[in-house]
Amino acid sequence: MKGYAGKWLRVDLSTGKISKEEIPDAMKRDFLGGRGFAVKLLWDEVKHIDPLSEKNKLIFSTGPFTGQALPSSGKMVIASKSPLTGGYGDGNIGTMASIHLRKAGYDVLVLEGKSEKPCYLLVEDENVKFVDASELWGKNTFEAQDILEKRHGRNSGILIIGPGGENLVRFSTVMSQKGRAGGRPGLGAVMGSKNLKAVVIKGTGSIPNFDDEKLKEFGKKGYEEIKGKESYEFWMRQGTMQAFEWCNENSCLPTYNFKEGVFEFSKELDGYVLEKLHIDRKGCPMCNMQCGHVIKDAGDQRAELDYENVGMLGPNIGLRSLPQIALLNRMADEWGLDTISLGSCIGFLMEASERGLIPEKVGWGDFEAARKLIIDIGRGEGLGKLVSQGTRNASETLGKGSHRWAMHVKGLEISAYNCHGCPGMALSFGTSPIGASHKDAWIIAWEISTDRFSYGKEKVEKLIEFQRIRGGFFESATVCRLPWVEVSFGLHWYPEYLEAITGNRMGWEDLYKIGDRIYNLIRAYWKREIPQFGRTWDYPPDRWFEEPLSQGKMKGVKLDREKYDQMLSWYYELRGWDKNGIPTKETLDDLGLKEVSKEIIG
Amino acid sequence: MAELKFLGYLAEIAGAREKILVLDKPMLLRKVLPSSFPEKNVIILIDKRVGNLDSVIENESSVILMPMLSGG
């Protein structure tokens, strides 16, 4: 099939064995790429193992869109069995490494085993070798990036971990280009557990498409369409930070560990403040709507901001200064820690301190305390040790009812949207295939524009539609969803692009089916790896059901558990899952997953 | 007085983030907006209820007009 490099590169860090294998056409047809390839490999090869053992595998997976001259196509998916959740874990990242991997002749890189000593992997087209990384181990991701760029060239594709990953912090990420991050569910720790500091990729080849001329023409039109959108100019000024004022206005800003949905100091942090501080822009390759806004942080260094990190390291911990938030965010990037989970963990500790459940005094908005906590978390020391395995684990250790306000689903911390008054979004977090991520479906605007407080079936249907497009198609294509979601770039382009790349004509119904296959396989993976997995894993934290908002226009609002339960039942019914949320034999068989149904159902 | 709040790029089109209007009589929302105001992908809340450009506003109305964000 055209549009693919056609091979995956498999590297065993224990034995040094390197192999290059053909990707079967059936796999391309049934799983498309990216997340689809990743879950298929994990299902086939990673069973009942400790995620931080050498038996786990770390997968870097691109798709047919990766690196094409198409809007925002610089993405890959990083996936593994997650040490944070125990289930399927992945995250996408925009990086030059995606483009180089394909140019080097591979769609997927699979890393297995464990190196005896710290090393990094160097992939230069067909040449693959291990390089000693003793002098890089312990360095932060910015320092190590500089050294590797100096050694291998500034335009090399570099994937790297910081001390957080080396120290096996369960929400450490894989970083690239001093600010790009991927693999929220602890995939940096998986890389660290293999003694692998970095992957450096330099590719010089090209991948023929079915119709390169048409693709070039369509790509050009796509970039032009994006620039012509009426919201484009404003997007370029504020990017995702336009959501800050929007969320505060709609009482869904994460505030004080998700206790509230409005922040009394919101006007000191919103997109208009960002505009005044903005000095530069950063983003992923192949993108003409780059979302990273650089400001001078409180330490007078360049640091990048977007909505998620401002929400979680700002109002969620009571901090009211963008330069201070930017400094915390830069530290997270240097240490290789996920900013969403980090903000949630710090908020958890601040609340524990406020309630007198820990002896340490960590007050809301205490910048210096937050700064010190990041170092402690990255090292897994002191108070940081309590949360370095995430809020679920911390609440299990702390006890005293803290599980009610440990803000996670399935062990993954909730991203920056408070759902006291957003039942559809609460269900989105509840049913996201990696834990509480917003990337698969963000439904808040749709629910506000229709009937915000409805728990109706139509909301569940819309949620599944979003999951099919965002979590199914975009994550497997692999291409960024932001052109569509943020400036309304036409969805009709994507089947056109796919046909020009592969020669296969597929409509959205076909792509939905691929998405459903991927979702069901991920669900089956959770069930196989965690036998007790089921319905109770699909609920957001008790806080949203039990403690109403006390501030703002939505004062008094909370979720209704019985109605949520009904939505969840509809969700299972529409997905073809049983009452416990497990895919039925009929559903799996219909998706061509008979072997899977034999394994989890019998 | 009717209070209108514009979020995101809609503030650029409206020429202000907030407007306070004294209305002689109830009128269609679209009558107080620029002709270039988008018809699609806009959420309109009038006194916390979902409205549209042809909803009637009056003095004491509190109106929020916001883009249909899709949350990153």
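The values are calculated or read from the model by the stated rules, or taken from the named source; none is laboratory data. As the structure is a prediction and not an experimental result, all values here were calculated from the model. Cβ placement follows ideal geometry from the backbone for every residue including glycine, while neighbour counts extend to all protein chains displayed.
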* **Tabulated pairs, the range A:215-241, first polar (S, T, N, Q), second part of a helix (DSSP H, G or I), C-beta under 6 angstrom, 6+ apart or interchain** => A:S231/A:V487; A:S231/B:Y9; A:Q238/A:G271; A:T240/A:Y307
* Asked: If you go through the range A:127-141 one residue at a time, do you hit one that is surrounded by 24 or more Cβ atoms within 10 Å (Cβ to Cβ), out of contact with any Asp or Glu (no Cβ under 8 Å at 6 or more places or on another chain) and at pLDDT 95 or above?
  -> no
* Among the candidates A:D306, A:D300, single out the residue that is over 22 Å from A:M407 (Cβ atoms) and either surrounded by fewer than 17 Cβ atoms within 10 Å (Cβ to Cβ) or in contact (Cβ under 8 Å) with a residue 24 or more places away in the chain (or both). => A:D300
* To do: Mind listing whichever residues of the range A:295-313 are more than 14 Å from chain B (Cβ to nearest Cβ) and in contact with a strand residue (DSSP E or B) (Cβ under 9 Å, 6 or more places away or on another chain)?
  => A:I295, A:K296, A:D297, A:R302, A:A303, A:E304
* **Tally, over the range A:143-169, of residues that are modelled with pLDDT of 95 or more, more than 17 Å from A:M191 (Cβ to Cβ) and in contact with a helix residue (DSSP H, G or I) (Cβ under 7 Å, 6 or more places away or on another chain)** => 1
* To do: Kindly state which helices (runs of 4 or more DSSP H) lie completely within the range A:173-288 and contain at least 3 residues that are of a type in the set (D, E) and either touching a helix residue (DSSP H, G or I) at 6+ places or on another chain (Cβ under 9 Å) or away from chain B (no Cβ under 14 Å) (or both).
  => A:212-228
* Take the residues in the range B:35-72 that are facing another protein chain (nearest Cβ under 7 Å) and of a type in the set (G, A, S), then tell me which one is nearest to the chain's Cα centre (by Cα). => B:S70
* Taking the range A:468-492 as the search range and keeping residues that are in a helix (DSSP H, G or I) and touching a Pro at 6+ places or on another chain (Cβ under 8 Å), which one is nearest to the other protein chains (Cβ to nearest Cβ)? -> A:P483
* Structure fact -> Just one listed residue, out of A:K114, A:K57, A:K47, A:K75, is touching a residue at least 40 places away in the same chain (Cβ under 8 Å) and closer than 27 Å to A:L498 by Cβ, and it is A:K75
* Considering only the range A:530-558, state which residues are charged (D, E, K, R), assigned to a loop (DSSP other than H, G, I, E, B) and under 15 Å from A:P254 (Cβ atoms). => A:E547
* Failed condition for A:R505, given (1) within 14 Å of chain B (Cβ to nearest Cβ); (2) surrounded by fewer than 22 Cβ atoms within 10 Å (Cβ to Cβ); (3) of a type in the set (D, E, K, R), with all others met? -> (1)
* Asked: Within the range A:410-464, can you find the residues that are within 30 Å of A:L349 (Cα to Cα), more than 11 Å from every other protein chain (Cβ to nearest Cβ) and either without any contact (Cβ under 8 Å) to a residue 12 or more places away in the chain or part of a helix (DSSP H, G or I) (or both)?
  -> A:P423, A:G424, A:A426, A:L427, A:F429, A:G430, A:T431
